[in-house]
Amino acid sequence: MNEADRALEAEARRVYARYVVEFVEAFNICPWAARARQEGRTRVEVVCRAEPDPRHALDAVASLSADPEVEVGLVLFPRLALPRAAFERFVGELRELDAARYGIAGPVMAMAAFHPDAEPRTENPYQLVPFIRRSPDPTVQLVRRSVLDAVRKKGDHGTAWIDPATLDLAALLATKPKPPLHERVAQANLETLTTHGLDAIEALFQDIRRDRDESYRALEARFSGARRAGDAS
C-alpha cells in the first residue's frame, strides 16, 4: 500500500466512525453495534481500489470471517464510484463468491450493502432501511451469523413455563404474537427517526458527507501535486 492509499484509508476510517458514533450509536439504530465496538469485536477493512470487481474485496471478507473475535466487520470502498443499485449488485456478487468458499456449510457472516445515496421513505419501516444505511462511502457490513442467531433467540424468547391451572385460554388466544426481532428493530428505528425529525438526520448525513468530500479532495490535491513535482524533477 502506498502513502496515498494509507492516507485515504485513515480518512475513510475517521469519517465512517462519525457515521457510527453520531448516528448508529447515538440513535441506537443497531441493538449490538455499540457493545461490539466498545468490546473490540468490530473491525474495519478498507479497499482502496476503484475497479468495480468484487474479487478485490474477497481477501478483506475472508480475513474478517476467519477472526473469531470479530462479530461485526465493515469493508469500506472510498474510491468505488457506483450508484446504489449497481453497488447492491456488486455486494450480491461478492456474497456469492464468499459463499462458494464454504460449500454446503454456507458463509459464517451475513452481508448487507450500505451506500451514501438514499432518500428517506417512511411508508413502512423497511422502506426506511436504505436511508438508515447511508454510510459515507459504499460499505459492506458483515455480521457473524452465530451472533445474529444469539440476538434473535434472546429477543424472541418465549419458553418460560406456564402453569396450566392458571392459564386463561381466552386471553391467550386474544394475545397477538410478538413480532420477530428484526420487525421490532425496524419499527423502533422508524419511530426514533421520525420523532427526532428526518430533516435533522438528513442534515447530519450531509455534514458527514461534506466532511468526507472535503477531506478526500484535500488528499487528492496533496498527492496529485506530489506526483506532478516528482514527474517534473
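Here, each number is a calculation from the coordinates, and none is a lab measurement. Everything numeric here is computed off the predicted structure, so don't read it as measured data. So basically every Cβ, Gly included, is an ideal-geometry build from the backbone, and we count neighbours across all protein chains shown.
Annotations
- Projected label distance in nm at Asp59 and Gln187, using a 7 Å step from Cα toward the beta-carbon: 4.6
- Centroid-to-centroid separation of region 99-121 and region 1-75 [C-alpha atoms, Å]: 14
- Our summary of shape: the Cα atoms of region 30-132 have principal axis extents of 38, 34, 29 Å, ordered from largest down, in whole angstrom.
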